[in-house]
Structure formats: C-alpha cells, structure tokens
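The values are calculated or read from the model by the stated rules, or taken from the named source; none is laboratory data. Just so you know, these numbers come straight off a predicted model, no measurement behind them. We place every Cβ from the backbone using ideal geometry, glycine too, and count neighbours over all the protein chains shown.
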C-alpha cells in the first residue's frame, strides 16, 4: 500500500516537526552549540560557532568537530520525511581550516533518494566565506518513524 503524497506545505510542516522532535533528543548537537537555521524536505542548514574547546594542537578547529556538524546536518536532511534513517557511509574532504570564533554553516542537500537509500552532499563553510569541507553521506532507512503516527511521504 502506498501512502498519499503530501502537499508542499504539508511536507514542509512534517520536516519542521521531525526536526523539532529530533532536536529535543539530540544532546550532542545541543552540547556543541549547534543551531538549526532551516529544514526542508531533503535539506537542512545548521550552524556551529567554533569555541576554544573545539580547537586542536594547531589552534584550528578539530576535524572531528567539523565532521560532527556535517553529519548532524546530514541527519536532519535525511530524516526530514519522518522515516528513521541512519548513515551507511560517509566521506569528508577538508579543504581549509576553521579558526576559533568562526561561525560554521553546514548545508545538506539530497542528491538522490530511492527505496531505502539516499545520497546527500553537505558543504561546510565559514558563514559568508570560504568552504571548509565537503561531506558526502549515504543514508539507509530503517524501520520506524521519528515521530510515531505522523504521515510521511514516499
């Protein structure tokens, strides 16, 4: 049985409700000071300020922090349809350093979604400036919904 298609407004409302539900349980993103700027079906934009406790021995942002921001944007984008989705693989290329005090933006965009799998590209940049990293995530849909009982689109 196929589910009815949602209107654009319904799909947007579902993406926002799903993000709100995920955020309420996302202690890691909250602890790192991430902020959700926007979520749309298959897309997400998050920010994170680079704090002093996020820099490494070279006094630049630790790559793991940049990866975590990109991975979090990926999670909000691929779960925006209210279908539990996890990463099956990811890859990151670091292009430039980020420094303490920089505000990083991670923009996730769905490139493909078919069946249980998807591909998402995430660009991490200093707000209004240089690209810091390119991340590609491959998703896999598992059983269940982020918010049980809410309508999800196929």
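So how many residues does segment 85-137 have that are over 26 Å from residue 54 (Cβ atoms), surrounded by 15 or more Cβ atoms within 10 Å (Cβ to Cβ) and out of contact with any helix residue (DSSP H, G or I) (no Cβ under 7 Å at 6 or more places or on another chain)? Total meeting the criteria: 2.
The criterion of being under 22 Å from residue 142 (Cβ atoms), in contact with a helix residue (DSSP H, G or I) (Cβ under 7 Å, 6 or more places away or on another chain) and modelled with pLDDT of 95 or more holds for residue 43.
Among strands (runs of 3 or more DSSP E) entirely within segment 42-141, having at least 2 residues that are closer than 19 Å to residue 29 by Cα and without any contact (Cβ under 8 Å) to a residue 60 or more places away in the chain singles out 43-49, 85-94, 103-114, 117-126.
Quick grid of which residues meet (1) in contact with a helix residue (DSSP H, G or I) (Cβ under 9 Å, 6 or more places away or on another chain); (2) under 21 Å from residue 127 (Cβ atoms):
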site: 10; (1), (2): no, no
site: 20; (1), (2): no, no
site: 31; (1), (2): no, yes
site: 50; (1), (2): yes, yes
site: 54; (1), (2): yes, yes
site: 60; (1), (2): no, yes
site: 63; (1), (2): no, yes
site: 72; (1), (2): yes, yes
site: 78; (1), (2): no, no
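Quick grid of which residues meet (1) at pLDDT 95 or above; (2) more than 15 Å from residue 132 (Cβ to Cβ):
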| position | (1), (2) |
| --- | --- |
| 3 | no, yes |
| 6 | no, yes |
| 10 | yes, yes |
| 24 | yes, yes |
| 29 | yes, yes |
| 48 | yes, no |
| 62 | yes, no |
| 69 | yes, no |
| 77 | yes, yes |
